[in-house]
Amino acid sequence: MNERLRADAAMMLEAMTEQMQGVARIQRDRARLMATVTACDKRIAVTVNADGIVIETRFADDIGDLSYSEIAEAITEAVQGAAKKVSEQGRLLMEPLREHKARLPHLSELIEGMPDITSMMPVPPVVSTAPPNSPERRDDADTGFGAAQRRGRRSLVSDLDE
């Protein structure tokens with residue numbers, strides 16, 4: 001029996017090692033992602049990294065034919081498009097890991113009476129791409145915490161308020 005436990009532990013350790021190597025590979029591949037989007041008949045090209053941060057902006061020689069507001073609007077549009085594109089590339093990289101995770105049993109399936117924690121997780125809201133001071137950026141949005149009041153700093157080592 002002891003030999004059986006060792007074999008099971010070795011198999012689990014090997015599977016975990018493979019999983020961690022897969023995660024490291026995905027992280028490395030994601031860190032290399034870039035996306036470029038052009039605007040205004042290719043007069044403006046914006047490239048972002050995997051985090052959606054602009055790493056290069058190029059203008060064609062005839063950029064002067066556009067007004068400042070046209071340039072500003074086109075850059076915003078190009079950055080948003082490139083960020084969306086690189087985000088989708090990252091999502092596709094993560095898909096095999098998500099599929100593997102979906103096949104694993106939930107803790108609630110393994111321990112009787114344990115709640116399904118995944119169903120309790122809040123769904124993050126869609127992040128707005130609206131400019132500052134737009135109507136959809138008002139601060140009166142419902143956070144899901146009702147009339148909860150912030151009561152000051154909380155201790156990191158105690159459940160008691162300071």
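The values are calculated or read from the model by the stated rules, or taken from the named source; none is laboratory data. These numbers were taken from a predicted model, which means no experiment stands behind them. Cβ atoms come from the backbone with ideal geometry, glycine included; neighbour counts cover every protein chain shown. Side chains included, ligands, DNA and RNA excluded: accessible areas come from the protein's heavy atoms. Shrake-Rupley method; radii C 1.70, N 1.55, O 1.52, S 1.80 Å.
Across the range 96-117, not a single residue is classified as touching a Lys or Arg at 6+ places or on another chain (Cβ under 9 Å) and at pLDDT 85 or above. Does the range 83-99 contain at least one residue that is in contact with a Ser or Thr (Cβ under 6 Å, 6 or more places away or on another chain) and open to solvent by 70 Å² or more (accessible area, probe 1.4 Å)? Within the range 83-99 (the criterion being in contact with a Ser or Thr (Cβ under 6 Å, 6 or more places away or on another chain) and open to solvent by 70 Å² or more (accessible area, probe 1.4 Å)), the answer is no, since none of the residues qualifies. Apart from one condition, residue 42 fits all of (1) modelled with pLDDT of 95 or more; (2) not in a loop (DSSP other than H, G, I, E, B); the exception is (2).
In the range 1-56, what residues are exposed (fewer than 11 other Cβ atoms within 10 Å of the Cβ) and either among the polar types (S, T, N, Q) or touching a Cys at 6+ places or on another chain (Cβ under 6 Å) (or both)? 2, 17, 21 - these are the residues of the range 1-56 that are exposed (fewer than 11 other Cβ atoms within 10 Å of the Cβ) and either among the polar types (S, T, N, Q) or touching a Cys at 6+ places or on another chain (Cβ under 6 Å) (or both). Please work out if residue 66 is over 17 Å from the mean Cα position of the chain (by Cα) and loosely packed, with under 14 Cβ neighbours inside 10 Å. No, not satisfied.
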